Structure formats: structure tokens, C-alpha cells
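Please read the structure below before turning to the comments.
Values in this text are rule-based calculations from the coordinates and carry no lab data. The model shown is predicted, which means the values in this text are computed figures rather than measured ones. Positions of Cβ are generated from backbone atoms using ideal geometry, with glycine treated the same way; all protein chains shown enter the neighbour counts.
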Amino acid sequence: MKLDQIVLTPDEIPRKWYNIVPDIPGGLPPPKEPEDGESRMEALKRRMVAECLKQEMSTSSWIEIPDEVRELYVHAGRPRPLYRARRLEQKIGLKKVRIYYKREDLSPTGSHKVNTAIPQAYYAMKEGKKTLVTETGAGQWGTALSYAASMLGLTTVVFWVRAVYDWKPERRILMQLYGSRVYASPSDQTAFGRTLLSKDPKHPGSLGIAVSEGLEYTDLGPDRVYCLGSVLNHVLTHQSIIGLEAIKQFESIDDSPDLVIGCLGGGSNFGGIALPFLGEVLKKKRECEFLAAQSDAAPNLVKGEYRYDFGDTAGHTPLMKM
């Protein structure tokens with residue numbers, strides 16, 4: 001029988017996440033404060049998990065994964081298998097090309113988002129927080145954080161873009177089964193949401209609005225903390241578990257990819273698989289190319305304007321280059 005499933009044992013789960021930021025030539029543009037209003041960086045310190053903010057600004061290439069998080073990863077089905085797509089190769093007539101795919105869809109909630117939800121929930125619990133607050137767009141992140149919170153005895157409040165909230169009742173039920181409170185955003189739970197609803201009771205919402213509501217709601221109680229599922233450095237660091245496992249799996253079969261492909265929206269899926277390989281490329285340890293696939297409906301990689309902006313509609317966050 002040909003070996004088309006490459007697996008690792010639980011003991012082989014990486015013990016450190018990879019943070020690519022220190023290895024990026026020239027570094028990344030730092031966040032900036034807007035010209036008016038309170039310090040957004042100080043506000044983030046009140047609202048977000050302290051350990052996650054520490055990792056966000058870390059200058060270390062490797063960040064230790066707590067043993068408790070590695071155990072939770074095992075409960076969530078890590079390490080995940082790498083598969084050789086041999087029949088696909090045959091179907092499309094490839095003779096010298098090998099295709100492999102990493103099975104992040106085997107997560108309990110169906111996506112890679114659990115990889116950062118678990119450590120964020122763990123660090124929040126260690127810091128004495130009781131309620132995790134977040135936003136979600138398609139619903140995968142809200143579901144992942146709800147799952148992670150339920151594993152650690154925490155509750156979750158999710159602000160979900162209204163247009164999708166109305167579209168996916170089954171996923172809303174799944175979040176609620178994990179013990180979450182889920183609100184269509186804009187909602188009546190925040191001043192910002194109520195202002196928008198007063199102007200348009202059927203406002204479809206947006207991810208930026210949901211982020212604003214989540215941040216405002218977090219301020220209403222000292223035991224609340226805000227968690228974000230994509231975009232930020234600490235999120236991509238946690239997601240590096242995907243690529244780090246893949247590197248080990250390729251080594252175990254004495255193979256190596258020439259091209260790493262992933263879908264890119266907020267960046268954590270593509271970054272999770274690609275950045276550990278890219279780090280080795282930057283260090284001249286391997287040769288590899290990368291391809292980010294993106295929806296033509298929102299092609300920000302090729303048609304977006306790269307500039308400083310707020311990460312939410314109400315302007316609660318620092319200005320970030322994006």
C-alpha cells in the first residue's frame with residue numbers, strides 16, 4: 001500500500017511557535033496613535049489579553065507553547081495529517097508533480113481558527129478573565145473561540161455581522177451550544193450599535209462595526225477581554241503550528257515543497273502554512289515559492305491601497321499599516 005497519509009504523534013507537536021517578524025528584512029511599520037482622542041495603545045492594554053499583546057510586540061523568533069496548550073491541541077485533534085493527493089495528480093495528468101494538502105478542516109469547528117483560539121482562551125483564563133468578547137464575519141472565528149472557551153470554563157460574547165448572522169442559523173446554534181451569547185451586529189448592546197440602528201434598523205453590518213462593538217462591550221466589565229482571530233502578529237504566530245507540523249511531516253518522507261499555496265482573507269490561514277517555510281527561505285535554508293489565492297470580490301493584495309488606517313469602524317484601535 002502506498003503511504004498517502006503522513007502523520008505525527010502527539011509527542012511530536014512543536015514546542016514553540018514561530019514568529020516571523022524579527023526575520024523580516026527592514027521589519028514591519030509600527031502602529032501609530034491618531035492625532036486626537038485617548039491613547040489607543042493604552043486602551044488595547046485594558047481590552048486585550050496581556051500575554052497576547054506581549055507576543056504581538058515580541059522580538060523573539062520562537063515563543064514557547066505552554067504544555068497545557070499542547071495538551072488542548074491534542075484534544076482538538078493535533079497534530080493534523082498531511083495527505084498526498086495521488087488520485088488528483090492522476091486525474092489532471094501530472095507525471096512529475098506531487099501534490100500534498102494539510103487537513104486543517106479536521107478541526108472540531110471545521111477550520112484552522114482553533115489554533116489561536118485555544119492559546120488566547122488559555123492566557124485569558126490565566127489572567128483571571130471570565131468572558132471572552134469577539135467579532136466574527138463568516139462565523140468560523142466566533143465558533144472557534146466559543147469552542148476554546150468551553151474547554152476552559154469561560155463564556156464568550158460574539159458580535160456577528162448581521163448579514164451573515166441571518167444567513168447561517170446552524171452556525172449560530174453551534175456557538176450557542178458551546179455556551180456563547182451571539183448578537184447580530186450592529187446590536188442594541190453598545191452605544192455605537194444603537195446609533196447605527198437608529199439610522200437604519202436593518203443595517204447589514206460589517207466586520208469593522210462588529211470589532212468596534214466588541215471593543216466597546218469589553219470596556220463594560222473588568223472580567224471581560226477582547227480576542228481577535230486574524231490579522232495580528234500574535235495570531236499568525238499561533239497559526240505557525242500548521243507549517244511547523246508540515247515541515248516535520250515532509251522531513252519524515254524525505255520530500256520538500258517547491259510551492260506553498262493557501263487561501264488568504266485576513267491572512268492567518270495562508271500565514272499559518274507558509275510563514276514557517278518562508279522563514280527558512282529568508283535564512284537561506286530552503287528554496288520555495290509561495291502563492292496566496294484570494295477572492296476576486298475583495299482583492300486587497302493586488303488592488304488595495306497600502307496605508308495606515310484604524311482596525312475598526314469607530315476608531316478604537318491604533319492606526320496600523322494595512
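Report note on the peptides 142-148, 113-119, 203-209: ranked by the mean count of other C-beta atoms within 10 Å, highest first, their order is 142-148, 113-119, 203-209.
Mean sequence separation of contacting Cα pairs (under 8 Å, at least six apart), scaled by the length of the chain, corresponds to a relative contact order of 21 percent. Once the Cβ-Cβ distance of Glu287 and Lys199 is raised to the sixth power relative to R0 = 41 Å, the FRET efficiency obtained is 0.15. Across region 117-226, C-alpha contacts under 8 Å between residues 6 or more apart give a mean separation that, scaled by the residue count, equals a relative contact order of 31 percent. Would you please state which residues of region 110-127 a label at Asp223 would reach in this model, taking the label point 7 Å out along Cα→Cβ and a backbone N cut-off of under 16 Å? Residues passing the 16 Å test: 124-127.
Placing pseudo-labels 7 Å out from each Cα toward the beta carbon at Asp188 and Gln5 gives an inter-label distance of 5.1 nm. Sorted largest first, the principal axis extents computed over the alpha-carbon atoms of region 117-226 equal 41, 30, 17 Å. Applying D = kT/(6 pi eta Rh) to the chain, where Rh is the Kirkwood radius over alpha-carbon pairs, T corresponds to 10 °C and eta to 1.306 mPa s, the Stokes-Einstein value obtained is 77 µm²/s. Under the convention that each Lys and Arg Cβ holds +1 and each Asp and Glu Cβ holds -1, the size of the dipole of the chain around its Cα centre is about 840 debye. Ignoring lysines fewer than eight residues from Lys129 along the same chain, the ones with Cα atoms less than 26 angstrom from its Cα are Lys16, Lys45, Lys54, Lys113.
Put the Cα centre of region 46-116 next to the Cα centre of region 176-204 and the gap is 32 Å. The GluC sites (Glu not before Pro) of region 245-297 that meet both conditions, a loop assignment by DSSP and at most 10 other Cβ atoms within 10 Å of the site Cβ, are Glu287. Within region 220-235, what residues put their amide N at less than 12 Å from the label point 7 Å along the Cα-to-Cβ vector of Arg46? Inside the label zone: 220-222.
Mind checking which lysines have their C-alpha under 21 Å from Lys96, skipping anything on the same chain fewer than 8 residues away? Correct list for Lys96: Lys2.
Overall, region 93-245 carries a charge dipole of about 580 debye about its Cα centre when +1 sits on the Cβ of Lys and Arg and -1 on the Cβ of Asp and Glu, all other atoms neutral.
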